[in-house]
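**Student:** Dropping a structure here in structure tokens format, bear with me for questions.
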Amino acid sequence: VQLQASGGGLAQPGGSLRLSCAASGIIFSINRAGWQRQAPGKQRELAAVRTSDGSTNYADSVKGRFTISRDNAKNTMYLQMDNLKPEDTGVYYCFIVGRTRDYWGQGTQVTVSS
């Protein structure tokens with residue numbers, strides 16, 4: 001199973017981007033899945049996560065602006081990012097926590113700048 005993240009790029013403050021994370025292969029038991037991000041010079045942090053029961057959790061800094069979702073038919077997870085701020089700049093990594101192992105995407109760069 002591989003995760004392919006895409007959708008990053010350059011956005012202006014207040015703008016939007018939608019990240020995608022496509023999974024090739026089948027993961028039979030998913031505990032939770034989401035996105036982490038790493039800003040320049042900072043530690044990686046959780047941005048958003050969705051658990052197996054459908055509940056979601058967001059970092060306080062992105063609440064009300066980011067939305068995590070998935071399309072099971074497409075085996076794809078999304079992160080809709082609205083009202084972007086310069087502090088959202090960083091590399092975004094998608095992940096899936098399975099029953100026996102974790103899976104990670106390669107990261108996609110998001111830059112928010114005017």
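Throughout, read-outs are computed from the coordinates displayed, never taken from laboratory work. Since the model is a prediction, treat every value here as computed from it, not as a measurement. Virtual Cβ from ideal backbone geometry, glycine too; neighbours counted across all protein chains shown.
**Student:** Towards the positive end of the charge dipole of region 1-77, with charges on Cβ (+1 Lys, Arg; -1 Asp, Glu), say which of 30, 49, 8 has the farthest Cα.
**Tutor:** It is 8, whose Cα lies furthest towards the positive end.
**Student:** Between residue 60 and residue 100, take the C-beta separation as r, use R0 = 30 Å, and let me know the FRET efficiency to the nearest 0.05. Before the final figure, lay out the partial values.
**Tutor:** On the way: r = 31 Å, r/R0 = 1.05.
Calculated transfer efficiency: 0.45.
**Student:** Run through region 18-62 and list the trypsin sites (Lys or Arg not before Pro) located in a DSSP loop whose Cβ has at most 16 other Cβ atoms within 10 Å. All intermediate terms of the calculation are to be shown ahead of the outcome.
**Tutor:** Details: sites: 18, 32, 37, 42, 44, 50; in loops: 42, 44.
For trypsin sites (Lys or Arg not before Pro) across region 18-62 that sit outside H, G, I, E and B with at most 16 neighbouring Cβ atoms in 10 Å, the list reads 42, 44.
**Student:** Taking the Cβ-Cβ separation of residue 39 and residue 73 as r and a Förster radius of 22 Å, what is the calculated FRET efficiency to the nearest 0.05?
**Tutor:** Working: r = 33 Å, r/R0 = 1.51.
After rounding to 0.05, the efficiency reads 0.10.
**Student:** Something else about it: Would you mind getting me the FRET efficiency between residue 52 and residue 16? Use the beta-carbon distance for r and R0 = 35 Å, nearest 0.05.
**Tutor:** Numbers: r = 28 Å, r/R0 = 0.79.
Step by step, r from the Cβ atoms, then E = 0.80.
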